[in-house]
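The values are calculated or read from the model by the stated rules, or taken from the named source; none is laboratory data. Everything quoted here is computed from the prediction, not taken from an experiment. Note: ideal-geometry Cβ built from the backbone for every residue, glycine included; neighbour counts use all protein chains shown.
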């Protein structure tokens, strides 16, 4: 196993640990804001794992074709297109993750509004104290 | 010749993991929000290293600025310390 | 000839920024108080951020690359440097004022504190 | 004209210097006794990140990665303003 492969698996292992920390903190911490914080960390870890799955060590450019608007609109011939596809990373996971970031923002905004209203009504945002208050 | 992006990528992911663990065991919520800021910064760093520029623009606008602001604004209604 | 001068001038500016950045980060760990660390933060953001950005903007002008690449990098580096110069002092000042006014950080070895006396007199 | 291959002697040293500074700043953010210390070190960390964007762009030799530097430099000091607002509001209550 080469050195690059070892470092690639090390990054994958630390990102999985990041997701595990996010999930654990989301379940077993009582404060509402701490739960929301761990939710953002968990979604970050999932995005990074998906982007890492599409990375190649031999790649040298992002999946944007360098013709287009800047250098005049030219269509590539098949040889140039094949060269570009060999030297770019995989674009499919990145396209999937762009929607996940925006939807994560909407979910966080809704849950933060609920937490703010709970704090205004009960005077605290700790779930253990709210449970004791109802008895 | 070692591959430089994977080297600095492994340093960044290690720092993000340590920051997340510290943020989980922190009792002061304002400190925990600032500690999750480190995690966001190293996530943006990893997105640059892994060659995803369009994803980077969306993440910088959303994850680095607006998430912390929303959480601080929601924390104003409640209490700062967690028992 | 002019390309060599531009390239090596940019490299010198880049490495001067790197050395200033390491000095600022060590100073951030060595100072004892929050109000002393403001000094290190100023060096870290102006000396360690703006000088290397201007250095990269000058360095690219001497390279043998297509002109779209060259002016793209130069423009984005100069705009980033301008924004950092404008917003960094404002952020440091508002943070220092809030930390003093809310009694979050007390200036520990202080002989006289005129700002606190002024607030007490107004109330 | 200076060729692009001549940067290979310069860039690894510059990238390693700035990464070392980032790691030392990270130690202060994790340790810092009060909240304003941590926010102050976080700002310097973000300014370092902008420089590293430019260096990684030069390393790969593609212009599209540099576009993230401008929104990042505009969003650096948003956390200062809201932490200051939180400290002043929490004192008033």
| task | Return only the number of the condition from (1) within 9 Å of chain A (Cβ to nearest Cβ); (2) in contact with a helix residue (DSSP H, G or I) (Cβ under 7 Å, 6 or more places away or on another chain); (3) surrounded by 23 or more Cβ atoms within 10 Å (Cβ to Cβ) that residue B:51 does not satisfy. | result | (2)
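Tally the residues that are closer than 18 Å to residue B:64 by Cα and in contact with a helix residue (DSSP H, G or I) (Cβ under 9 Å, 6 or more places away or on another chain), restricting the search to the stretch A:95-108.
Kept after step one, since they are closer than 18 Å to residue B:64 by Cα, are these residues of the stretch A:95-108: A:97-108.
If we keep only those that are in contact with a helix residue (DSSP H, G or I) (Cβ under 9 Å, 6 or more places away or on another chain) as well, we get A:97-98, A:100-102, A:104-105, A:107-108.
Number satisfying all stated conditions: 9.
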| message | Being part of a helix (DSSP H, G or I), within 28 Å of residue D:58 (Cβ to Cβ) and modelled with pLDDT of 90 or more is the requirement here; does residue C:82 meet it? | response | yes
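Results for (1) in a helix (DSSP H, G or I); (2) within 8 Å of chain A (Cβ to nearest Cβ), shown as yes or no for each residue.
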position	(1), (2)
B:13	yes, yes
B:22	yes, no
B:26	no, no
B:38	yes, no
B:57	yes, no
B:66	yes, yes
B:72	yes, no
B:79	no, yes
| remark: Residue hits (the stretch A:109-135; at the interface with chain B (Cβ under 8 Å from one of its Cβ atoms) and touching a helix residue (DSSP H, G or I) at 6+ places or on another chain (Cβ under 6 Å)) are A:112, A:115, A:116, A:125
| Only one of C:7, C:15, C:34 that is within 8 Å of chain D (Cβ to nearest Cβ) and in contact with a strand residue (DSSP E or B) (Cβ under 9 Å, 6 or more places away or on another chain) | C:7
| request: For residue D:24, state whether it is facing chain C (nearest Cβ under 7 Å), over 18 Å from residue B:3 (Cα atoms) and in a helix (DSSP H, G or I). | output: yes
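Pick from C:59, C:38, C:14, C:63: which is in contact with a helix residue (DSSP H, G or I) (Cβ under 8 Å, 6 or more places away or on another chain), buried (at least 17 other Cβ atoms within 10 Å of the Cβ) and under 23 Å from residue D:39 (Cβ atoms)?
C:38
With D:69, D:44 as the choices, which residue is modelled with pLDDT under 90, at the interface with chain C (Cβ under 7 Å from one of its Cβ atoms), under 12 Å from the mean Cα position of the chain (by Cα) and crowded, with 18+ Cβ neighbours inside 10 Å?
Working: D:44 fails: modelled with pLDDT under 90.
Just one listed residue meets the conditions, D:69.
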| message | Just to check your reading of the model, which residue among C:63, C:38 is farther than 13 Å from residue D:51 by Cβ and within 13 Å of the chain's Cα centre (by Cα)? | response | C:38
| field | Pick from the stretch A:22-39, criterion surrounded by fewer than 21 Cβ atoms within 10 Å (Cβ to Cβ) and either farther than 23 Å from residue A:99 by Cα or facing chain B (nearest Cβ under 7 Å) (or both), ranking: modelled with the highest pLDDT | value | A:24
